[in-house]
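K.L.:
Let me begin by handing over the structure; questions about it come next.
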Amino acid sequence: MKPFLTRALLLFLVIRLSTGCATIIHGSSQTMNVVTNPADAEVWVDGMRSGLSPTRLTLSRKEHHLITLKKEGYSDVNVRITKKVSGWLLGNIIFGGLIGCGVDFITGSAYKLTPDRLDVNMSSVSQLQDRTLEFDSAELDGVEEIRFLNGNGQPEMVVDLSWTE
């Protein structure tokens, strides 16, 4: 083989083995649309404010994320975004080998985030205000919060309790 062809083939193999299939196909970050009803809810990602809904987030595929939606007069909503192994990794196993798979896992490209879109109907706190709750404080000794659950058993409203004597 001529030296030029040898170098070109070697360069091709180095490039081919130094990147992962998923890294090339969908990258190490993922965009997610967040839409709330009502609109203009604060969107927090991993404890940092990211804007108002509706919005489009760019999230790292390497990590799980916690998205919190806040709006005055409405119960906060927390959504856990989890990472799962992406189907693109199979292509890398077939065509890229172990090095490509390693690159995909290191960059986070081996994962996809779920859910990939958030459409949230927020619950108005006023829906709970017409109810009267009475507790005997002796029965609440050591209780730090009261959770109001929706029909799915998820917290709709959490009331933090602090006692003074």
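K.L.:
Quick check: is even one residue across the range 85-94 closer than 28 Å to N152 by Cα, part of a strand (DSSP E or B), at pLDDT below 95 and not polar (S, T, N, Q)? Steps first, please.
P.N.:
In the first step, residues of the range 85-94 are kept if they are closer than 28 Å to N152 by Cα; the result is 85.
Next, from what is left, pick out any that are part of a strand (DSSP E or B): 85.
Applying the additional criterion that residues be at pLDDT below 95 yields 85.
With not polar (S, T, N, Q) added as a condition, the list becomes 85.
The answer is yes, given that some residue of the range 85-94 is closer than 28 Å to N152 by Cα, part of a strand (DSSP E or B), at pLDDT below 95 and not polar (S, T, N, Q).
K.L.:
Taking the range 79-88 as the search range and keeping residues that are of a type outside the set (A, V, I, L, M, F, W, C) and without any contact (Cβ under 8 Å) to a residue 60 or more places away in the chain, which one is farthest from T107 (Cα to Cα)? Give the derivation first.
P.N.:
Taking the range 79-88 and keeping what is of a type outside the set (A, V, I, L, M, F, W, C), we get 80, 82-84, 86-87.
After this cut, where a residue has to be without any contact (Cβ under 8 Å) to a residue 60 or more places away in the chain as well, the list is 80, 82-84, 87.
On the way: R80: 21, T82: 16, K83: 13, K84: 14, G87: 16 Å.
So the residue we want is R80.
The values are calculated or read from the model by the stated rules, or taken from the named source; none is laboratory data. Being a predicted model, the structure only gives us computed values, none of them experimental. Note that we place each Cβ from the backbone using ideal geometry, even for glycine, and neighbour counts take in every protein chain shown.
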